[in-house]
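First comes the structure, then the notes that go with it.
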Amino acid sequence: FYGKVLSLKFTNVVIMMGSSRLSSGRYLPLIALIRIIFLSSSCSHGFVVRCPTSFGIRISTSLCGDSSDATDTTSTTSFASISVELEDARTAALEALERATSVREAEDVRVKYLGKKGIVASAMGYMRSLPPADKPKLGSVVNVVKDTLESAVVSRKSALEIEEVNVQLEKERIDVTMPGLPNLTPGKRHPLSMTIEKACEVFVSLGYDTVTALEDSPEIETDYYCFEALNCPKDHPARDMQDTFYLTEDMETLLRTQTSAVQIRQMETRKPPFRIVSPGRVYRKDDIDATHSLIFHQVEILAIEKRGELTLGHLKGTVEYFLQQMFGPDIDVRFRGSYFPFTEPSMEVDVFFRGKWLEVLGCGMVDPNVLEMAGIDPMEYSGFAAGFGAERFAMVIHGVTDIREFYNSVSIITLFCQFSCSCFSFLTKIILLQDNRFISQFPHFHDDGMISHLVGGNREERKKAMNALGIETTESDMPFTSLTEVADGSTSTALTRDQSDPKPGKEKKKKKKKSTSSDAVVADIDISKLDIRVGKIIKVWDHPDSDKLFCEEIDLGEEDGPRQILSGLRAHYSAADLEDRKVLVLANLKVRKLAGLESKGMVLCAASEGGEKVVFLDVPKGAEVGERVTFKGYEGEPVSYFDI
């Protein structure tokens, strides 16, 4: 720029500075520098700097030479012109506020006129260019305009807020005189809840007590219970395995990283021998990805007995039984040596699932140091412990590929049908499309029928819904909604379903299903596995949460007293018709929950083809209560209780 000036002959130079955001005073350092350049150049008179403002008024500044020669006569700055501009701005702002229809629009008007870069604030930039006598006048005018607009903004915002609240209330208004909304679908259990409940049920059936009370299983733990009492002192290298969320600077209070802390608390308060299962939420610092999360769930077991009464063999047998109940009776299990600070020896357990080995849990014999820290004499008692992540099991069982889906509210609604069965189609595709893998691989797992759980409705409605998705259905794919459907003549499918699983790694050949007579179907069932006994119905009452089910107290001649059995006979009989009646009961049926209540067996009935008429199977003449009923050619021993 300096070279250009020296090479040219100017008498006057005018520089246009085009920023409307800076007042004329902000330009003074730059103007001074340019003035020095021109004083040393051939510019004989001077130049003028024009600074456009928010109001379009140009400020002329003479830098050198005779001021009369450098005066820009095209524009001037005066108090009167600024006052006119401010009044116009006030009028425009008030009109904009009146047009505003929301609080957000009113706020935009405030920012435009009263903000730091607003029109009113820009007017104060003229203060330096005004004569001393006009400066107080400008300040007074600016303050009046500002106060007027601020009051108008507050008033308009308050009115708009009230309008928005009234509109929202009108949208949410409930007319209590109108009848309730029909066909509301109840929520469904989360897959994690189903997995944890199933695991706890398995261990409870083995005599374990469930520990979930807050005082026994706190999520905010101390360093002692979470680490030190579990054979992990502060300098122990195993602590590097845990990235912990500490809540205090002294690192003594934390979010628990494992439910093993529950075991220490129970060993301190319970007197051996005992067995517990403790499900709960745990926290660890971890990178969130498809298989890791900051929050997840664990289920741990602990068994303490007299020394010598529990061995590593008992632990392996318990773990194998548990995995068979979760993944199916034909699952292959392997144990690998490992290390955990609180067990010795320690093992990791894998299952062969879908063609590959998957690590599913860790276990071992409780370290004597841990027993001693909890106040139990290791020379008198010993025990074992095992634990697993519920998310890992749920991902395998429910076919979920990303752990984040369990905590994504949108995914829970659409993928797991947590709140509305209208979303069932996506879930059904995920779980059932690939060779109906859930039903075929986990016939023992689904409660009350997985498809019934997902879709609801009667058999025909479920079949139509699945066919609409392009899923070919057979009778084995359509579990029963209630015990009434068991009497429709399809019971053979339910009884043979447990025997349909192929072994891991072996491909099951698909055969075209042919229609068979009922005699041929029955011939494929080993009826000797069924423990059918004579029972007497003592008491009948309506299910509190279902209008289709009866709750029945049935005497089977057992030492534990009568059993509670639920049935769908409510549509066909009254309570008076059932009381004191002898019936045949399938006594070794797996315990199921129907509408929240356990049913320990099934009353055997027959039904007409359409299901309009349901009658009881005949009790053999002279049969006593509790007597087992067998059939010619099928006199074998039944399977263990609650296993069908």
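The values are calculated or read from the model by the stated rules, or taken from the named source; none is laboratory data. Here the structure is a predicted model, which means the values were calculated and not measured. With ideal geometry, Cβ positions are generated from the backbone for all residues, glycine too; neighbour counts draw on all protein chains shown.
Of note:
- Restricting Ala587, Ala575 to those that are of a type in the set (A, V, I, L, M), more than 14 Å from Lys536 (Cβ to Cβ) and not assigned by TED's automatic domain parsing to the domain that holds Cys200 reduces the list to Ala575.
- Just one of the listed residues (Thr195, Thr212) is assigned to a helix (DSSP H, G or I), in the same structural domain as Arg275 (by TED's automatic domain parsing) and in contact (Cβ under 8 Å) with a residue 60 or more places away in the chain, namely Thr195.
- Taken as a whole, the structure leaves Thr101 outside the set of residues that are without any contact (Cβ under 8 Å) to a residue 40 or more places away in the chain and closer than 30 Å to Val167 by Cβ.
- Among the residues of the range 546-576, those identified as assigned to a loop (DSSP other than H, G, I, E, B), surrounded by fewer than 17 Cβ atoms within 10 Å (Cβ to Cβ) and either touching a residue at least 60 places away in the same chain (Cβ under 8 Å) or at positive phi (or both) are Gly557, Glu558, Gly561.
- Single unsatisfied condition, Arg275 versus (1) touching a helix residue (DSSP H, G or I) at 6+ places or on another chain (Cβ under 6 Å); (2) in a strand (DSSP E or B): (1)
- Selection within the range 277-313 - of a type in the set (D, E, K, R) and either outside the structural domain of Leu247 (by TED's automatic domain parsing) or touching a Gly at 6+ places or on another chain (Cβ under 9 Å) (or both): Glu300, Glu305
- For Ser420, the conditions (1) farther than 25 Å from Ala290 by Cβ; (2) at pLDDT 75 or above are fulfilled apart from (2).
- Checklist (1) within 30 Å of the chain's Cα centre (by Cα); (2) farther than 15 Å from Tyr224 by Cα applied to Glu305, failing item: (1)
- Qualifying residue in the range 300-315 (condition: hydrophobic (A, V, I, L, M, F, W, C) and out of contact with any strand residue (DSSP E or B) (no Cβ under 9 Å at 6 or more places or on another chain)): no
- Every residue from the range 516-537 that is part of a helix (DSSP H, G or I), modelled with pLDDT of 70 or more and charged (D, E, K, R): Lys529
- Exclusive hit being under 21 Å from Thr259 (Cβ atoms), surrounded by fewer than 22 Cβ atoms within 10 Å (Cβ to Cβ) and touching a residue at least 12 places away in the same chain (Cβ under 8 Å), set Asp367, Asp332: Asp367
- In summary, helices (runs of 4 or more DSSP H) completely within the range 302-400 and bearing 2 or more residues that are over 25 Å from Cys200 (Cβ atoms) occur at 368-373.
- Positions within the range 386-417 being aromatic (Phe, Trp, Tyr) and either closer than 30 Å to Met365 by Cβ or modelled with pLDDT of 50 or more (or both), in sequence order: Phe388, Phe393, Phe406, Tyr407
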